[in-house]
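So the structure is just underneath, and the comments pick up after that.
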Amino acid sequence: MLLSCSETKLSTSINIKEPRWDQSTFIGRAKHFFTVTDPRNILLTNEQLTHAHKVITDYREGNVSPGLTEDELWRAKYVFDSAFHPDTGEKMILIGRMSAQVPMNMTITGCMMTFYKTTPAVLFWQWINQSFNAIVNYTNRSGDAPITVNQLGTAYVSATTGAVATALGLNALTKHISPLIGRFVPFAAVAAANCINIPLMRQRELQHGIPITDENDNRLGESTKAAQQAISQVVVSRILMASPGMAIPPFLMNHLEKKAFLKRFPWMSAPIQVSLVGFCLVFATPLCCALFPQKSSMSVSRLEPELQEKIRANHPGVERVYFNKGL
């Protein structure tokens, strides 16, 4: 079939710096994050990632691949965004990518909630969970400043120790209460650990600030106040993200374990729990990521005094600044 002579080349004016959907609304952000956290993205090959990288890089330079459609461009953008850091441009660690959140978290969380009764099991699964969280927090940090091996090691050891101590302490307190309440110990430990792990893994941002820009992406400096807001929002999102998967299955498992099926096949407890957690995470992960805009903002008046003065002197018309809050 001959192509029509009137077939037009894809416009170069599509703004692929921003997500496809309106990020000022929760629905728009949810659509965006359902795409970003799609677990199928972890199955993409290096060739597919390289192709998406080339399509997006060429498009940003004004070069449109022959026959490229708008849908294909957006697909390439989301493949690109799923694997490359928005600030550094580096390829992210596979298990640290947001597309790995559901399969990794459902396995780790399901096992934490199944094997929570003995101290060795608590130690092992909390260590696994905090190691995974450390990788995710580092991979999805905001800003482009490097973090040293010493800083990374100190943060990891501190966060893991704090999380394990929290879990063991809570376990000790629940030995003489209802088994149902005992099932919620892993959630309480995870919530507390998020408050420790995320700020520690991103401590460099709290000490030196994260890049802030105007609405046209012109860099204005680095702000610790912006880092504080960004990290606080991420902590809230992560705790709420874990809530459905760690709050709903305990009630269901408490009921199911009284039934004949699980009494006859107790080994099925772990896979059933992992599956329940996974079902919850498929929805909770993108919806909780969508609670706050990825490109967060704050008023200039809330920045550090010296940074306010610098911006008002050099950019007098700027009233709000923008920054990548990280995930």
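Mind checking which helices (runs of 4 or more DSSP H) fall wholly inside the stretch 247-318 and carry at least 2 residues that are aliphatic (A, V, I, L, M) and closer than 27 Å to Asp81 by Cα? Walk me through it before giving the result.
Working: elements: 260-264, 269-289, 305-314.
Because the criterion is at least 2 residues that are aliphatic (A, V, I, L, M) and closer than 27 Å to Asp81 by Cα, the helices (runs of 4 or more DSSP H) in the stretch 247-318 that meet it are 269-289.
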Handout entry: Failed condition for Asp71, given (1) open to solvent by less than 20 Å² (accessible area, probe 1.4 Å); (2) free of Cβ contacts under 8 Å to residues at least 24 places away in the same chain
Key = (1)
Practice task
Could you please give the count of residues in the stretch 115-128 that are crowded, with 20+ Cβ neighbours inside 10 Å and modelled with pLDDT of 75 or more?
Solution key: 3
Exercise for the section: Mind listing just one residue for me: the one in the stretch 188-241 that is among the hydroxyl-bearing types (Ser, Thr, Tyr), touching a residue at least 40 places away in the same chain (Cβ under 8 Å) and assigned to a helix (DSSP H, G or I) and, of those, most open to solvent (accessible area, probe 1.4 Å)? Expected result: Thr224
Handout entry: Output for the stretch 84-131, where each listed residue is closer than 28 Å to Gly169 by Cα and among the aromatic types (Phe, Trp, Tyr)
Key = Phe115, Tyr116, Phe124, Trp125, Trp127
Handout entry: Pairs, first within 11 Å of Met98 (Cβ to Cβ) in the stretch 284-296, second open to solvent by 40 Å² or more (accessible area, probe 1.4 Å), C-beta under 6 Å, six or more apart
Key = Pro286/Phe34
Practice task
Out of the residues in the stretch 132-148 that are surrounded by 16 or more Cβ atoms within 10 Å (Cβ to Cβ) and polar (S, T, N, Q), state the one that is modelled with the lowest pLDDT.
Solution key: Ser142
Exercise for the section: Go through the stretch 22-37 and count every residue that is touching a helix residue (DSSP H, G or I) at 6+ places or on another chain (Cβ under 6 Å), open to solvent by less than 50 Å² (accessible area, probe 1.4 Å) and either of a type in the set (D, E, K, R) or assigned to a loop (DSSP other than H, G, I, E, B) (or both). Expected result: 2
Completion exercise
Over the stretch 242-299, the set of residues under 30 Å from Ala230 (Cβ atoms) and exposed (fewer than 15 other Cβ atoms within 10 Å of the Cβ) is Ala247, Phe283, Ser299
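The values are calculated or read from the model by the stated rules, or taken from the named source; none is laboratory data. All values derive from a computational prediction rather than experimental measurement. We place every Cβ from the backbone using ideal geometry, glycine too, and count neighbours over all the protein chains shown. The area values use the complete protein model at the heavy-atom level, side chains included, leaving out ligands, DNA and RNA. Shrake-Rupley method; radii C 1.70, N 1.55, O 1.52, S 1.80 Å.
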